[in-house]
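J.: Following this message is one structure expressed as C-alpha cells.
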Amino acid sequence: QRARSQFAQAVADLAARPQSIDTLRSAGVVCLLRPLLLDVVPSVRQTTALALGRLADYDVELAETIVKAGILPQLICSLPEENRYYKKTAAFVLRAIAKHSPQLAQAIVQCGGLEMLVICLEDFDPGVKEGASWAMGYIARHSPELSQAVVDAGAVPLLVLCIQEPEIAVKRIAASTLSDISKHSPELAQTVVDAGAIAYLAQMIPNPDAKVKRQVLSALSQIAKHSVDLAELVVEAEIFPVVLTCLKDSDEYVKKNGATLIREIAKHTPELSQLVVNSGGVAAVVDCIGSCRGTVRLPGIMTLGYVAAHSEDLSMAVIVSKGIPPLCACLIEEHEDHIKAAAAWALGQIGRHTAEHARHVAVANVLPTLLDIFVDTQSSEDLKTKATLKNILQKCTYLPALEPLLHEAPPSIMKHIIGQFSKVLPHDSKARRLFVTTGGLKKVQEIQAEPGSLLQEYINTINNCYPEEIVR
C-alpha cells in the first residue's frame, strides 16, 4: 500500500513540473496509473486522479492518451460513492481533458461524464460544486451541440442555484459556465433566462470581487447579444445605472466587459440606444475610452458607433457627450489596425447623417488623419475600408476642413471632396474668395478628369463660379 501510495504521489509531483512531462510520457505512465484508479485505498485513487489531471492539463496528446486508455469510465463509475476530495479531483481531470478540443469534450459526454458532474453540482461541498461547474464550462464553450448536452443533462437550474451560494469561487465559476452556455445561440441563452438567471446575475453586478464582476457582466452580455427580446429582459433587471460604475472600475476586464454589455444592448434598436443615452451611458462610455488604452477601448468605441448609427438625434447625443475627441485620439494613439478601424467606423457613423453632424467631425481635425491612414500602404484592407471618409464627406460642407485634403487625396476620395465644393461654392461668396486665396482653385485646375465624368461636372460647376480670367 505504501509503495502504491508513494508511486502515485511521485507521479503527481512530477506531473506538476513541465520539464518532467516528456520523461513521464516516454515511460508510458498513463498505463501504469490506470489500475491504481481502482485501488482499494481511497487516498491512492485520489492521488492517481490528481496525477492524471495534471498530465491531461499539460497537453492535448496526453489528454488523448488518457481517453484512449479507457480511463474515463473507470474515473466516473464510482464517483457518487467517493469522498469530496476524489470528486474534486475527478472534476479536475474532466476539465483538463475537455479544455483541449470539442472531440475530447465529446468523449466525456459519451461516457456519461455530464450525469456525474450534475450529481457533483448537488454536492454539499462548495469545492466539489466549483470543480463540476468548471468542467461543464469547458465542455459547453466548444460548440452549440456540447452546450446543448450540458443543458439536457439538467445543469442550468443547478448552476443558477450555484450563483446564489455564499462562496465567491462558486459564484464566479457558475456565472462563467452560464456565459459559456449562453453564447452560442438565442435558444441556449433562453434556457438560461428561463431558469431565472438574469435577476440573480444583475444583483451581483455591484459585488466587490472583480473576478465575479467580470463573469457576471460576460454572462449578461452573452444573453443580451442574441436578440431584442433578450436584451430587453436584461435591461428590465435594472442593470442601469449600476453597470455604469463598472466602466470606472480599476480592473481592466471589468471595464471591458461592462462596455461590452452596454454595446450588446445598444446595437439592437434606437429605443434601447436611447435608454443607454438617458441613463448617462454614452457619457460614461466616452470617459471610459478616454481613461484606458488598447483592446479595453474596443467595446466602448463600438458602442458609440452603434448608438450614432441609429438616428440623427442619437448621433447628436454622442457629439454632445464629447464622443468625437476620444475617437480621434484612438486613431492616433492605437497601433492595432482593428482598433483604429473601429474608431474610423464609429466616426463615420457619427458624421453620416447631416451637414451639421459632418461639420462636428470635420472641426475635430480628424479628416487628415483618416486620409493618412487610407493612403498608408501599411494599413490593412479592413482599416482602409473603414477609413474611406466617404460617409463623412458625403455630408460635409465645412470647407476649411476639406481644403487641406485637396492637396493629398487619392482620386477615389478626390471625387467626393470636389463634389462637396461644387455644392457649396455657388451659394457662398466668402467661401469662393477663400478658395482662390488658399490655392484650392489652382489645385482643381491640375486635376485630370475624364471628359463627361461626374468629377469633370463638379470641376465645371466650380469653375463657373468664377470669371474666366481667374480660372485661367
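J.: Within the group 344, 317, which residue is in a helix (DSSP H, G or I) and within 21 Å of residue 258 (Cα to Cα)?
T.: Being in a helix (DSSP H, G or I) and within 21 Å of residue 258 (Cα to Cα) holds for just one of 344, 317, which is 317.
J.: From the list 359, 297, 352, which one is surrounded by 15 or more Cβ atoms within 10 Å (Cβ to Cβ) and in contact with a Phe, Trp or Tyr (Cβ under 8 Å, 6 or more places away or on another chain)?
T.: Only one candidate passes the filter, namely 359.
J.: Out of the residues in segment 226-237 meeting the condition of being assigned to a loop (DSSP other than H, G, I, E, B) and over 9 Å from residue 268 (Cβ atoms), tell me which one is modelled with the lowest pLDDT.
T.: Out of the qualifying residues, it is 237.
J.: If I ask for residues that are charged (D, E, K, R) and over 47 Å from the mean Cα position of the chain (by Cα), which ones from segment 447-472 would you list?
T.: 468, 469, 472
J.: Still on this structure: Can you confirm whether segment 403-413 contains a residue that is outside the structural domain of residue 334 (by the TED database) and in contact with a Cys (Cβ under 9 Å, 6 or more places away or on another chain)?
T.: Scanning segment 403-413, I find no residue that is outside the structural domain of residue 334 (by the TED database) and in contact with a Cys (Cβ under 9 Å, 6 or more places away or on another chain), so the answer is no.
J.: What are the residues in segment 457-472 that are closer than 16 Å to residue 418 by Cα, open to solvent by 60 Å² or more (accessible area, probe 1.4 Å) and not in a helix (DSSP H, G or I), if any?
T.: Hit for segment 457-472 is 464, nothing else.
J.: Could I ask something else about it? Can you name every residue in segment 148-161 that is in a helix (DSSP H, G or I) and touching an Asp or Glu at 6+ places or on another chain (Cβ under 7 Å)? Write out each step before concluding.
T.: So in segment 148-161, the residues in a helix (DSSP H, G or I) come out as 148-152, 155-161.
158 - this is the single residue of segment 148-161 that is in a helix (DSSP H, G or I) and touching an Asp or Glu at 6+ places or on another chain (Cβ under 7 Å).
J.: Working only within segment 229-265, note down all residues that are out of contact with any Asp or Glu (no Cβ under 9 Å at 6 or more places or on another chain) and of a type in the set (A, V, I, L, M).
T.: 230, 233, 235, 237, 239, 242, 243, 244, 254, 259, 261, 262, listed by residue number.
J.: Hey, does segment 321-331 have a residue that's at pLDDT below 90 and not basic (Lys, Arg)?
T.: yes
J.: Do you know which residues across segment 321-349 are under 18 Å from residue 395 (Cβ atoms) and open to solvent by 40 Å² or more (accessible area, probe 1.4 Å)?
T.: Within segment 321-349, just 345 meets the criteria.
J.: Do you know which of the residues in segment 125-136 that are open to solvent by less than 30 Å² (accessible area, probe 1.4 Å) and more than 13 Å from residue 109 (Cα to Cα) is farthest from the chain's Cα centre (by Cα)? Working first, answer last.
T.: Taking segment 125-136 first, the residues open to solvent by less than 30 Å² (accessible area, probe 1.4 Å) are 125, 127-129, 131-133, 135-136.
Narrowing further to those that are more than 13 Å from residue 109 (Cα to Cα): 125, 127-129, 131-133.
On the way: 125: 34, 127: 30, 128: 30, 129: 28, 131: 26, 132: 26, 133: 23 Å.
Top of the filtered list is 125.
J.: Among the residues of segment 162-215, write down those that are outside any helix (DSSP H, G or I) and either touching a residue at least 40 places away in the same chain (Cβ under 8 Å) or within 22 Å of the chain's Cα centre (by Cα) (or both).
T.: Result: 163, 167, 183, 184, 185, 204, 205, 206, 207, 209.
J.: May I pose another question? Looking at (1) under 19 Å from residue 447 (Cα atoms); (2) of a type in the set (Ser, Thr, Tyr); (3) not in a helix (DSSP H, G or I), which is the one condition that is false for residue 377?
T.: Every condition holds for residue 377 apart from (1).
J.: Among the residues that make up segment 384-401, is at least one of them open to solvent by less than 50 Å² (accessible area, probe 1.4 Å), modelled with pLDDT of 80 or more, in the same structural domain as residue 321 (by the TED database) and not in a helix (DSSP H, G or I)?
T.: Looking for residues that are open to solvent by less than 50 Å² (accessible area, probe 1.4 Å), modelled with pLDDT of 80 or more, in the same structural domain as residue 321 (by the TED database) and not in a helix (DSSP H, G or I), one finds none in segment 384-401, hence no.
The values are calculated or read from the model by the stated rules, or taken from the named source; none is laboratory data. Quick caveat, the model's predicted, so the values are computed rather than measured. In this analysis, Cβ positions are derived from the backbone assuming ideal geometry, glycine residues included, and neighbour counts consider all displayed protein chains. Protein only, heavy atoms only, side chains kept; ligands, DNA and RNA dropped before computing areas. Shrake-Rupley method; radii C 1.70, N 1.55, O 1.52, S 1.80 Å.
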